[in-house]
Amino acid sequence: MAVIRDIAFQGGQMLLVLLLAPLLTGFVRKVKARLLRRQGPPLLQPYRDLIRLMRKDAVLADNASWLFRVIPYFVFAATWIAASLVPTFGSGLLFSWSADLIALIAVLGSARFFLALAGLDVGTAFGGIGSSREVMIASLAEPAMLMIMFTLALIAGSTQLSTMSAFMNSPEVGLRVSLGLGLIALIIVAIAENARIPVDNPATHLELTMVHEAMVLEYSGRHLAQIELAAMLKLLLYISLIACLFVPWGISPPTADPVHLAIGVVAYVGKLAVAGVMLALFETAIAKMRVFRVPGFLGAALMLALLAALLRFVSRSF
Amino acid sequence: MMVVYALFGVAALVALAPIAVAFGVSQGKDTTTTLIYGACLIVTLGLCTIALLSLFDVSHTISQATLPLGLPWLGAHFRIDALASFFLVVVNLGGAAASLFALGYGRHEESPLRVLPFYPVYLAAMNLVVMADDAFSFLVSWEFMSLTSWALVISNHRVRENLRAGFIYLLMAGFGTLSLLLAFGLLAGAAGNYAFDAIRAAPPVAGVAALVFILAIVGTGSKAGLIPLHAWLPLAHPAAPSHVSALMSGVMTKVAVYGFVRIVFDLLGTPAWWWSLVVLAIGGATAVMGVLYALMQRDLKRVLAYSTIENIGIIFAALGLALAFKTEGLNWAAALALTAGLFHVFNHSLFKSLLFFGAGSVLNATGTRDIEQLGGLIHRMPQTAFVFLAGCVAISALPPLNGFVSEWLTFQAILQSPQLPSWGLKLMVPAVGALLALSAALAAACFVRAFGFTFLGRARTPAASGAQETDSNSLAAMYIVAALCLIAGILPGVFIDALAPVVQSLVGGRMPVQTSVEWLSIVPIAESRSSYNGLLVFVFMISSGAIAAFAIHRLASDKVRRGPAWGCGYPDASTATQYTADSFAQPIRRVFGTVVFRAREIGEMPPPGSTEPARLTVELHDLIWDSLYAPIAAGVAFAAERLNYLQFLTIRSYLSLVFTALVLLLLVLAIWP
């Protein structure tokens, strides 16, 4: 019985993230549009876009290789798995021990590795420039992310997300300098990883300013749909990660009664909504950076994260 | 008994050298190539089996033998213990893979008779270094290893660059052996007990031990490629034939790591507190510098050589961590860090061999190693591309392949280090952690570049567009190694358990048994703290990708149309409009290179109205070469210039010089207490 419940719990989480991800993106777009006094597309527009793209024929460049066709499936699969291992409304997921936080970051890293290769496959200048900038951003964002993880893992005494989230929910945590530094760094990394303003602009199609969009320019049809869905999942993943580590309220284990589970789901959706509004506000208020200002921005995250980790190594009370 | 069988195998390898010469003269090169590499394959497989048997031997018997060779009455001591048997597995697995690869690759060699006699002796020498149980046999085998590999580096001696690489290699190898000679001299002490057993029984006092430690880092580090002693490595490794490059990068650097572990963890007694600081600092710096250099290279094999330096840095950082824990008596944490380091030794020997095999196949098919001249090979060499991609994923430390597991274990070990009481370590370890994280991210960038510009895109030259898939022996070797990378990635528990006796013998502790953990996860300390299951991650990835593909093809669309790539409306874009590897590295060069390489970009625009092309020149400075090696070379040249003056003196001056020297020597004798 317990096994069936655990499998249902894990399966429910996998479906939930898949279903919520486009809604979150639609919500952010809607809020941004309202902030700009536009009507904006309906909330469900991302679903429609995805279905439309799935139904279309995929147009491949003449010299696209087999790798180019396989990568969208891989990127989608890796991102989906990573997203379904982060505690959202409930912790203690059945397979949460199969990949801890470091492994989770690395799974996302492999998705990026392959996406960067896809940018190089067709042999146009757009793909190359996109891949090149993507790996530059990653080369700063990944170490920052790992240092943040070190800090949090040292505070919680674990790299296991369920354990970390449970610890963060306990009164032992308290206010810590290193947690504050880690949170700022994590938000910066999340913005960069999800190609949001000011690092990248998900709405632009001006070649010189784009990073992620340039890299996937040659994709179309179902391949593009999967890459877009993976990007939406990644946004959801990072918000879930920040939520489960810094505002872990309402997260319940699978043994909890239905009322608590319902509270968990409502709390989770509420957190997503708040994060979506904050993201939209931030993006509306700030302008996109030049590409070579990005290293400074991410370098700040790296330094903050390193400082937080050093504080933790020096003393347990920080 | 094991060691005797192993020595028979080594003797067989040595005997292959004269056979290679004799057959080469009488039978022609094709027969000899097949014969020698086939024989090497069989012998190394045998040696690998012996090593595996003694590694998995439950009673952990140490097998020793003394041969009446070398110094009269003293003999040469050999021994296989857990540490030696692990490194014998690394050496012979790499050797077997390289021999199988060479069965195909060696046929394309221009002058195989310059390679064939040295190749088996080189394998034999690496085996002997690992088995040696006294300082004399160790040094002789070490020097043999250096000299045979030097002969292999200059086997294609008509290329001037290779001769320079060989010269620098010979100098650095001599310097390294000198350091080791002094280290062993100090270890043997005044009584001259040069057998390892005697050294182990009477470890040196603190001051001597410190000196031995420094000399051991310099001696083994110069062979392994630690910065700043790495200068020869990116020159020599690519110059050799590709299967030898694979052995040098994948295996010989590991023999150097063996030397370091043997001296510092086994022979030197209790470590002092500052040793780990030195090893950690050098390891972290080597990792980042190695990969930054690799990102700036155009030569595919040189990219791989610099990436070897990076991985050696990671291994040494893990070893430094193990040393730190050992000093503080945290044996279980030391076991974790040492397992991580040794597992990375094994992993790197696999994927670096694989990548060099792939580079060799590309070199054979196209005749160039310059990645700016390649491109689009995935269409012409689909199988090589596939296995090379597996190697790239593994070396970039991405799950589910093996590189990630050892990286993950290293990070888990770093997370245990706040327990260290020393303040220096409290500040050093997180910094090294950040350096390792940075090097892992940069390594992924480096291998996106290496794979992307070699195999993807459109062919940039006729050589690349006319390439043919490589032969079946080479492919078999690459597939086997790639499969091993996958197995080590998804079943790491088996490998961690195999390392347990090695770790136990060196730090007096071991990691918990992994193979009994449910679902074959690996759990370094406790499941609530951290765990990773490569098998499940792999299965999840495959199955959810397959579900997505099935659902989309079934429910939505599975049609594909082909069309030209979008070129902003310009039809038939030339292949030169593709992004280049140099421009790919430009953002990273701008972020890191301005400091590390003092990189400068100089753009020259033609005057308005002129139709001349604009030029962009990039200046890079190798600061280590400029600030360390160039002054030494200049100093030697200066001294030689001055001493040259002594050749043209008159007879009177010579006589007075001889007289002065005599007087000075007598004075010294008189004053000497």
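The values are calculated or read from the model by the stated rules, or taken from the named source; none is laboratory data. Fair warning: this is a prediction, and the values are worked out from it, not measured in the lab. We place every Cβ from the backbone using ideal geometry, glycine too, and count neighbours over all the protein chains shown. Keep in mind that these areas ignore ligands, DNA and RNA; they rest on the heavy atoms of the full protein, side chains included. Shrake-Rupley method; radii C 1.70, N 1.55, O 1.52, S 1.80 Å.
Where the only charges are on Cβ atoms (+1 Lys, Arg; -1 Asp, Glu), what is the dipole of chain B about its Cα centre, to the nearest 20 debye? Walk me through the intermediate numbers first.
Values: 35 positive and 32 negative charges, 149 e Å.
Rounded to the nearest 20 debye, it is 720 debye.
Inter-chain neighbour count for A:49-59: the average number of beta-carbon atoms from partner chains within 10 Å of each residue's beta-carbon is 3.
Residues B:404, B:592, sorted by accessible area with the largest first, give B:592, B:404 [1.4 Å probe; ligands and nucleic acids excluded]. In the complete set of protein chains, residue-level accessible area for residue B:544 is approximately 10 Å², probe 1.4 angstrom.
Note on the range A:2-314: with charges restricted to the Cβ of Lys and Arg (+1) and Asp and Glu (-1), its dipole about the Cα centre is near 840 debye. As I understand it, the dipole of the protein assembly as shown uses +1 on the Cβ of Lys and Arg and -1 on the Cβ of Asp and Glu, about the Cα centre. Which of B:284, A:108, B:334 lies farthest toward its positive end? Checked the options; the winner is A:108.
Here the Gaussian network model covers chain A, with springs between Cα atoms less than 10 Å apart; of A:153, A:106, A:256, A:256 fluctuates the most. Dipole of the range B:505-565 computed with +1 at Lys/Arg Cβ and -1 at Asp/Glu Cβ about the Cα centre; of B:564, B:535, B:508, farthest Cα towards the positive end is B:564.
When a/c reaches 1.5 or more, the comparison of a/b and b/c decides; with that in mind, is the range B:3-159 rounded, prolate or oblate per its Cα gyration tensor? Taking the square roots of the gyration eigenvalues as a ≥ b ≥ c, the range B:3-159 is prolate. Among the helices of chain A, those built from whole DSSP H runs whose Cα atoms reach 20 Å or more along their own axis and whose mean Kyte-Doolittle hydropathy is at least 0.5 are A:2-35, A:66-84, A:101-121, A:125-156, A:177-193, A:221-246, A:258-285, A:294-314.
Assign one of three labels to the protein assembly as shown, namely rounded, prolate or oblate, based on the Cα gyration tensor with a ≥ b ≥ c the square roots of its eigenvalues; rounded applies when a/c is under 1.5, prolate when it is not and a/b is larger than b/c, and oblate otherwise.
Numbers: a/c = 1.74, a/b = 1.47, b/c = 1.18.
Note, shape of the protein assembly as shown comes out prolate.
What total accessible surface area, summed over both chains, is buried at the interface between chains B and A, computed with a 1.4 Å probe and given in Å² to the nearest 100? Could you put the intermediate results ahead of the total?
Numbers: alone 29560 and 14790 Å², together 37490 Å².
Accessible area lost upon association: around 6900 Å².
Each peptide in A:16-26, B:606-616 gets a packing score, the mean of other Cβ atoms within 10 Å over its residues, and the list from highest to lowest is A:16-26, B:606-616.
Pairs from the table (A:234/B:301; A:234/B:559; B:29/B:352; A:32/A:271; B:254/B:301) lying more than 24 angstrom apart at Cα are A:234/B:301; A:234/B:559; B:29/B:352.
Figure note: B:625, B:232 ranked by solvent-accessible area, largest first, 1.4 Å probe, ligands and nucleic acids not counted: B:625, B:232. Quick check: Cα centre of the range B:460-531 to Cα centre of the range A:148-186, how many Å? After rounding, the separation between the Cα centres reads 31 Å. For the range A:22-54, backbone nitrogen atoms closer than 16 Å to the point 7 Å from residue A:277 Cα along Cα-to-C-beta are found at A:24, A:27-36.
Looking only at the range B:628-649, which residues have a backbone nitrogen under 20 Å from a spot 7 Å from the Cα of residue B:665 in the C-beta direction? Within reach of a label on residue B:665, which here means backbone N under 20 Å from a point 7 Å along Cα→Cβ, the range B:628-649 contributes B:646-647.
In peptide B:422-429, what is the residue-averaged number of other protein chain Cβ atoms found within 10 Å of each Cβ? Before the final figure, lay out the partial values.
On the way: counts 0, 2, 0, 1, 5, 3, 1, 4.
Mean partner-chain Cβ count within 10 Å for B:422-429: 2.
Seen from a random direction on average, the alpha-carbon convex hull of the range B:623-671 projects onto 5.1 square nanometres.
Between residue B:672 and residue B:8, the contour length at 0.36 nm per residue exceeds the Cα-Cα span by 234.0 nm. Treating r as the C-beta distance of residue B:31 and residue B:622 and R0 as 56 Å, the FRET efficiency rounds to 0.80. For the protein assembly as shown, the share of accessible area belonging to carbon and sulfur comes to 69 percent (1.4 Å probe, ligands and nucleic acids excluded).
Expressed as a rounded percentage, what relative contact order does chain B have, with Cα pairs under 8 Å and six or more residues apart? Could the numbers behind the result be given before it?
On the way: 1057 pairs, mean separation 77.8, N = 673.
With pairs under 8 Å counted, the relative contact order is 12 percent.
Any idea how far the Cα center of the range B:91-138 sits from the one of the range B:227-256, in Å? Cα centroid of the range B:91-138 versus Cα centroid of the range B:227-256: 13 Å apart. For chain A, set up a Gaussian network in which alpha carbons nearer than 10 Å are linked by springs, and say which option among A:72, A:143, A:87 fluctuates the most. Fluctuation is largest for A:143. Only protein heavy atoms count here; under a 1.4 Å probe, residue A:57 has an accessible surface of about 50 Å². Counting 0.36 nm for each residue step from residue B:542 to residue B:56 and taking away their Cα separation leaves a gain of 171.7 nm. The phi torsions of the range B:368-379, fed into the Karplus equation with coefficients 6.51, -1.76 and 1.60 and a -60° offset, translate into couplings of 9, 10, 7, 5, 6, 9, 9, x, x, 5, 4, 7 Hz, rounded to whole numbers, with Gly and Pro shown as x. Within the same chain, aspartates and glutamates fewer than 8 places from residue B:223 are excluded, and of the rest, those with a Cα less than 16 Å from its Cα are B:143, B:310. Farthest toward the positive end of the dipole of the range A:2-314, out of A:314, A:149, A:231, is the Cα of A:231, where the dipole comes from beta carbon charges about the Cα centre. Between residue B:21 and residue B:648, the modelled labels are 4.3 nm apart [label points 7 Å from Cα along Cα→Cβ].
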